[in-house]
Structure formats: structure tokens, C-alpha cells
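**Q** First the structure, which I've put down as C-alpha cells, then a few questions once you've had a look.
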Amino acid sequence: MAYEVQRLAGPVDAAVSLPGSKSYTNRALLLAALASGRSTISGALFSDDTRYMCESLGRLGVAVEQAEHEALIAVTGEGGSFPAAAADLYVGNAGTAARFLTASLTASSGRFVLDGSERMRERPIEPLLAALRGLGARVRSLNGTGCPPVLIEADGLPGGIATVDGAISSQFLTALLMVAPLARSSVTIAVEGELVSAPYVEMTMAIMRDFGAHSECAPDGRFHVPGQQAYASREYVVEPDASSASYFFAAAAITGGRVRVERLGSGSVQGDLGLLEVLEQMGCAVVSTPNWIEVQGPKRLSGVDADFSRMGDVATTLLAIAPFADGPVSVRGIAQTHYEESDRPVAAATELRRMGIQVEDDWDNVTVHPGKPIPTTVTTYDDHRIAMSFAVTGLAASGIRIEDPGCVAKTFPSFFATLETLAP
């Protein structure tokens, strides 16, 4: 059944506590599994994507203990390789699980097949496979499509020099970086083309350091990682998800209200917080402290022209509130988001047009003109970000219904319950 969003009668005024970051949780789960000994991950996200990672690690022989009510996961790593000599893994539409596991399995020994949902079978992984082959791994797309299912015939990762395409997803580079310390020799990675969502790579290198592995980016843009390193077990705390926070910041922006997100602060390196700078350009007031971030919306948002190449996951958030601005809103640098859980630029433009909004779009840009959204049942394309973004639209426009609201379980199962707390 579709979920009907209740339009708010006035400005929001709320403080919210949000689930942990998917990006941090899945990185921490993998590195804990590759470390020696028992790690505990607190503040962990429990969602479809993280469950696929946990289930896959379990199939690979890693002990994973989950306490969802405490947001706690304990992982006992086996020192750089997985105990299982063979496994069939299913990761649904979890891109982080698919890319990270494919690379990390090359450091083990055995025969592994990784597959996913119908949409995952359309999402590219060949740039990662080609780079891994450059490091001596035996990996290939079983159907010859450059997408999953993937076969990994592993006997340790030799190392060396690889080149990876940076234009589709930063997850390819992240996957290579996380497995590189386990290679038999040093690894050098060159990025071909512009690297999209670069802050996620900075996040990866930081969490690698937290788990005891060294990597560096040279002035020429190449990444260097010494081989024969070891990850160390530890206690790790996951901060709230900045992508999830974007919907609540947007709610403040379009209602002229105030939203504070607790436990997400000025020290965060999550690139999606770059949305705050765009909201400031549109007239919002932003206050950021070490312990919380607060957005106060204006009486009317201003139009803006912004580059989202470093924060593609929140491009749809801005597109969904763009009709409420006083001028055109142009979102640029989003070509990479064609390859996400849905073809997001096309999906967002389609749904806005169905709301009666004028939209202009090409491969890398979408421009939205001001308008009053008409009542619409939003098609979500099994994409959590389409569902959550246009739910925010419904806070300021009557008659917005979200088809298949359960798709938000991919990253934020309690999203709609949290959204309802914004009502006065």
C-alpha cells in the first residue's frame, strides 16, 4: 500500500536522532572481518544493506553477533582471509556489499560466486574487476555483462599497479584500497577520469587507519598502499548517516522551520554534508557544533546552481524540494547516479513532471523550475532515496503518496516513523 504523507500545517521545530551511517557500518564490518580478533561496532545501522553484509560474512565463516536493540555488532576476524573455501553470496541491491566483498575475497583462497537482485545485475562492476585483474586476481562477470554475478577464484592477491575508472562509482576505488594492505606486495592505484564522490574515499582511508592499515594519496593523484599489512580488531563507534540527515535538513528548508540532528557534528568527514553549503546558498541558516547540526529554513528558498559530483546520494534530496524555490534549481555533476538503485536523474525528473513541475534534464544535469506540486502517487523504482526524498516534498504539498514505502528498509527502516515526529 502507498504511504500518504501528511502536509505540515506550519514550520517544523524538532530535534531528531538518526540511525548509524551505512557507509561506515559496512566498511567497519568488512575490516573487522579481515582483522585478527573480536571487534565491536556500536551505533551500527541495521538495514537491508548491512544485513546482506552480515549474512555474507557469516557464509564466509566469520562469526558475527548482532544485538539490534543495542545497535551493536560484534565480529571475530580471522586475520586477513575468510575461513570458507567456497561460498555463494547474495547481496540484493547492496552496492557496498557487492563491491567490497568482491575485492576482499581475492585475498583469500577458494571459489566464490557473488550475485544480487535483478537491478544489481544491471549495475556495473567491470571497472573493479579489471583493476583486480591488474593486481593478479582471477575475477570475471559470469554472464559477460560487466555486472554481477561475479566469479572469484582466489589464491591470495599478488599486488602491483592497477588503474580504475573513477567516473561511475568511488566504491570501486574504496574496494581496492581496503583489500590492498593484504596483498603480497605493495599496491599502486591510478584513477582514470574524474573521481566522483571523492569524500567517500577519504572516509575509507580514515577507517583503514582506525583499523591499523596505512595508505596514502600522492601529489600525482595515485594511491599507494604497502602490502603484507594486518588489520587490528578494535571497538568502533558509527556516527549517524549524513545522507539520512539530508531529508530532515530539507524538511526545515521547505517549511521555514528548524531541525537539529543529534550526534552528527562538525568533525564528520561525510561528504553528503556538503548539502548544507547548498542550503545556505538558498537562504537557510546552518549551525554546526561538535555534537549536533541544525538547519533553520527561510521564508522562501532561493534558486541555486550546484555541483553534486562529490555528493551524488543527496542530489535527489535537493531535486525533491526544488519546486519550492523562487527560481530554477540546477543540480549538476550527477551522471554517476544513473547507476544507483535506480536511474535516479531519470526517475526524479519523471516524478517531478508527474507532479506538474517543469524540468529540463540531460545526462549530467537536471534543472527544476518553481511550481506547486499536484497530488501524485510517486513511483519509487525500488529506490530508497526516491521514496525518502519525495516524502519530504509531501510535507509542503498536499496529496503526495509514496508507492512501496517499504523500500526505505535498504538504509533507513524507521524513516517514516521518524518523519512523523516532525508534525507539531
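The values are calculated or read from the model by the stated rules, or taken from the named source; none is laboratory data. For clarity, every value in this text was computed on a predicted model and none was experimentally measured. Cβ coordinates were reconstructed from backbone atoms using ideal geometry, including for glycine residues, and neighbour counts include every protein chain displayed.
**Q** Within region 287-312, track down each residue that is of a type in the set (Val, Ile, Thr) and part of a loop (DSSP other than H, G, I, E, B).
**A** The answer is THR289, and nothing else.
**Q** Out of ARG133, ARG121, I need the residue that is basic (Lys, Arg) and within 30 Å of ASP382 (Cα to Cα). Which one? If you could, list the steps in order and put the result at the bottom.
**A** Values: ARG133 fails: within 30 Å of ASP382 (Cα to Cα).
It is ARG121.
**Q** Okay, moving on. Can you go through LEU142, LEU157 and tell me which one is hydrophobic (A, V, I, L, M, F, W, C), surrounded by fewer than 16 Cβ atoms within 10 Å (Cβ to Cβ) and modelled with pLDDT of 95 or more?
**A** LEU142
**Q** Okay, next question. Filter region 377-424 down to the residues that are surrounded by 18 or more Cβ atoms within 10 Å (Cβ to Cβ) and small (Gly, Ala, Ser), then identify the one that is nearest to VAL314 (Cα to Cα).
**A** So, considering only residues that are surrounded by 18 or more Cβ atoms within 10 Å (Cβ to Cβ) and small (Gly, Ala, Ser), the one nearest to VAL314 (Cα to Cα) is SER389.
**Q** Looking at THR188, THR174 in this structure, which one is surrounded by fewer than 20 Cβ atoms within 10 Å (Cβ to Cβ) and in contact (Cβ under 8 Å) with a residue 24 or more places away in the chain?
**A** Working: THR174 fails: surrounded by fewer than 20 Cβ atoms within 10 Å (Cβ to Cβ).
Criteria check complete, one pass: THR188.
**Q** While we're looking at this one, here's another question. Quick check on ILE73: is it outside any loop (DSSP other than H, G, I, E, B), touching a residue at least 24 places away in the same chain (Cβ under 8 Å), under 21 Å from the mean Cα position of the chain (by Cα) and over 26 Å from PHE308 (Cα atoms)? Quick ask: steps written out before the conclusion?
**A** Values: outside any loop (DSSP other than H, G, I, E, B): yes; touching a residue at least 24 places away in the same chain (Cβ under 8 Å): yes; under 21 Å from the mean Cα position of the chain (by Cα): yes; over 26 Å from PHE308 (Cα atoms): yes.
Here the answer is yes, as ILE73 does meet what is asked.
**Q** Looking at region 42-60 only, could you name the residues that are in contact with a Ser or Thr (Cβ under 7 Å, 6 or more places away or on another chain) and not charged (D, E, K, R)?
**A** Residues of region 42-60 that are in contact with a Ser or Thr (Cβ under 7 Å, 6 or more places away or on another chain), as a first pass: 44-45, 47, 49-50.
Selection gives ALA44, LEU45, SER47, THR50.
**Q** From the list LEU34, LEU30, pick out the single residue that is outside the structural domain of ASP313 (by TED's automatic domain parsing), touching a residue at least 12 places away in the same chain (Cβ under 8 Å) and under 18 Å from the mean Cα position of the chain (by Cα).
**A** Details: LEU34 fails: under 18 Å from the mean Cα position of the chain (by Cα).
Selected residue: LEU30, the only one of LEU34, LEU30 that is outside the structural domain of ASP313 (by TED's automatic domain parsing), touching a residue at least 12 places away in the same chain (Cβ under 8 Å) and under 18 Å from the mean Cα position of the chain (by Cα).
**Q** Hey, any hits in region 339-354 for a residue that's β-branched (Val, Ile, Thr) and surrounded by fewer than 24 Cβ atoms within 10 Å (Cβ to Cβ)? Show your work before the answer.
**A** The initial filter retains those residues of region 339-354 that are β-branched (Val, Ile, Thr), namely 346, 350.
Checking the rest, the ones that are also surrounded by fewer than 24 Cβ atoms within 10 Å (Cβ to Cβ) come to 346, 350.
For region 339-354, residues β-branched (Val, Ile, Thr) and surrounded by fewer than 24 Cβ atoms within 10 Å (Cβ to Cβ): present.
**Q** If only one of GLU68, GLU78 is among the acidic types (Asp, Glu), farther than 30 Å from VAL191 by Cα and surrounded by fewer than 17 Cβ atoms within 10 Å (Cβ to Cβ), which one is it?
**A** Details: GLU78 fails: surrounded by fewer than 17 Cβ atoms within 10 Å (Cβ to Cβ).
The conditions single out GLU68.
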